Every structure is written in structure tokens, then in C-alpha cells.
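J.: Shown below is the structure under consideration.
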Amino acid sequence: MLTNSARSVLVLTVLAAAGCASIPERDIVMENAHISVNAARGNSQIVTYAPAELDQAVATLRQADDLAARGGPIADVDQLAMLASQRAGLAQEAARARSEEAARMVQRRANDAQLTADMSRRQADAAQNQAADAQRQADDAQRRATSMQPHADVYASPAYDYRRRQNEPLYEANVSDVRAVVGPPQQRCWVDRQQVDNGSSTGINIPGAIVGGAIGGIIGHQIGDGRGKDVATGIGVVGGAVVGANIGRTSDGQVYTQNVQRCRHVPAAARLDYWDVTYDFRGYEHRVQMTTPPGPTIVVNAQGEPRV
């Protein structure tokens, strides 16, 4: 009886040992590898910026799974699993670095675009200022040109048909000012005969007489000796003065005449160009040019335009 009991215990012990051997143990290294790789595959940043590194991690984990399924050595399986986890970590680091670099590049492009926009705005402002200066200069030149025109040109107006339109109502407007505008002044020229005399009013060239007397005195002083030298000097002064006084005169000593043109500006003989008329209608001032002088009122339409 005892022997049978011992045999039963032995059998149970063997079966228990065999049952424990058939239950596989948990591989923590493989579990961690699966967690790391699956997390990397679910990260959009890694998928976008580190696809090559992620593919390497997935391929290494697949090798570890295949080796474990074939019953390969646990050490080799764990080594492949750790390599897969490392590659998943490298993929995450590469994705973070590349995304930061991409963000910096986008920021640099935005800054460059802002600088370009600022420069374009400054150039546009400078061009606008130059255009405004050119417009002001053109306006100033136009005002100067207008101020330099004759009075008649200032108030000149284009031809306009002042005839009454069909069934157009007419009104009377009070004339407030009338000015008669005449033409510009004219230049008249003529030729006169003018007397010409190279000498003074007495016909004697006084500067020539002085210079001639001095030269004649010097020459006469060189002639003779003692009292004779003084006489020669006096004769030289008188003779030189006579010669110098007649230098520049005509051969006959007469005054001659020549033609001289003279000009002056005269009014335009009161030639009337037009009448500059100012009139008031319904609180507004109007102006018109007329060929005949107006009365106290002129006929206008509803817009204040003259009608005849």
C-alpha cells in the first residue's frame, strides 16, 4: 500500500515538472522592443522626418520575431530586440532634429520674406515721394508759365456754342464786373540821321594835343645848346600840340552824319480783343468772354451758361 502511494507522488511530481516546462516564460526585452517600435510607427513626426530609420527598426524587430518563432537562442533573439529598440529611439531623435531644422528654415524664409516686403514698401514709398515731388515741380512750372502769359491768354477760353437749345428755359443774371481786354503792346522802329564828331565840341582833340606837346618838347630839348635849347624846346611843345590836336579828325575837319535805328514800345492802338464779364447766378460767380459790351444783366440757362 505504501509503495503504491509513493509511486503516485512520483508520478504527480513528474507531471508537474513536465507541465511547468511547457509554459513559456515572458521575454521582457521583446516586449519592450514591440512597445518602442509600435510607438515610433504611430508617431507622425517620425513617419514624416525619419522614415528610413523607422523602416530599419521595424525590419530588425521582424527578424527577432522570426528567430523566436523558429526556436532560436534566446540571447540572439534578445540582441535583435534590443537593436530594434535602439533603432526606434534613433528614429525618434532624428525626427525631432529634422523637424526643428525644418521649423528654423521656415522661420528664416518668413524673415527673408518680411525683409523683402519691407524693402519693397520702402522703395514704393520713395517712388511715391519722388512722384509727389515731380508733381509739385510740374505744378510750380505750370503756375509760373501761367503767370508769364499775356493777360489776354489768362482768360482765353475755348470756343463754345452759346445759342439757345430747343425749349430751354432762360433766366437773367446780374453782371458784377466788366473789363475790356486789349492786345499786347507793339514795337515801332525808325531810322534817324545822327551827326558824328571824333573830337570835342570845338573840333580839337585835347588829349592828342597834350600828348603831342609832351613829345614835341622832349624832341626840341635835344636840339641846340644854352638859350637855343630852350627856344627849341618851346617850338617842339607848340608844334607837337598842334599835330596831336588834329589827330583823328577828317581831312577837311568837318563833322559828318550817319544812319541810326531807334525803336520803342507803343500801345496796341487801343485794339480791343474781348470783354471779360463776371456775373452772379444763384449764389455762384461765373465768367464769360464777349465780343460786345454787356448790359446790367445777361441771359443764362438753368446751369448759369450764357445764351444768345
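J.: Which order do the peptides 170-180, 103-113 come out in when sorted by mean C-beta neighbours inside 10 angstrom, highest first?
T.: Numbers: 170-180: 12.9, 103-113: 10.0.
Listed from highest to lowest mean packing, they are 170-180, 103-113.
J.: Right, another one. Report the gain in length on full extension from ASP27 to GLU305: 0.36 nm times residue separation, minus Cα-Cα distance, nm rounded to one decimal.
T.: Numbers: separation 278, 0.36 × 278 = 100.08 nm, distance 10.82 nm.
Full extension of this stretch gives 89.3 nm more.
J.: Ok, one more. Just to confirm a number: summing +1 for Lys and Arg and -1 for Asp and Glu over residues other than TYR49 whose beta-carbon lies under 10 angstrom from that of TYR49, what do you get? Write out the running numbers ahead of the final one.
T.: Details: positive: ARG96, ARG98; negative: GLU53, GLU100, GLU101.
The answer is -1.
J.: Is region 41-111 rounded, prolate or oblate when judged by the Cα gyration tensor, a ≥ b ≥ c being the square roots of its eigenvalues, rounded requiring a/c under 1.5 and prolate requiring a/b larger than b/c? Please report the intermediate quantities before stating the final value.
T.: Details: a/c = 5.75, a/b = 3.79, b/c = 1.52.
Prolate, since a/c reaches 1.5 and a/b exceeds b/c.
J.: Moving on to the next point. Mind giving me the nanometre distance, one decimal, between the label points for LEU115 and ARG287, set 7 Å out from Cα along Cα→Cβ?
T.: Going from the LEU115 label point to the ARG287 one covers 5.8 nm.
J.: Just subtract the alpha-carbon distance of GLN130 and VAL182 from 0.36 nm times their residue separation and send over the number in nm, one decimal.
T.: Details: separation 52, 0.36 × 52 = 18.72 nm, distance 4.22 nm.
Length gained, GLN130 through VAL182: 14.5 nm.
J.: Take each of the peptides 33-40, 132-139, 277-284, average the number of other beta-carbon atoms within 10 Å over its residues, and list them starting from the highest. Intermediate values should be presented prior to the final figure.
T.: Details: 33-40: 19.1, 132-139: 10.0, 277-284: 14.5.
In descending order of packing, they fall as 33-40, 277-284, 132-139.
J.: Going by amide H atoms built from the backbone, whose H comes under 5 Å of the H on ASP27, apart from near neighbours?
T.: none
J.: If you don't mind, another one. From the phi of every residue in region 116-132, what ³J(HN,Hα) in whole Hz does the Karplus formula 6.51 cos²θ - 1.76 cosθ + 1.60 yield, where θ is phi - 60° and glycine or proline is x?
T.: 4, 5, 5, 5, 5, 5, 5, 5, 5, 5, 5, 5, 5, 5, 5, 5, 5
Where a number appears in this text, it was derived from the coordinates with a stated rule and is not lab data. Given the structure is predicted, the values throughout are model-derived calculations rather than measurements. We place every Cβ from the backbone using ideal geometry, glycine too, and count neighbours over all the protein chains shown.
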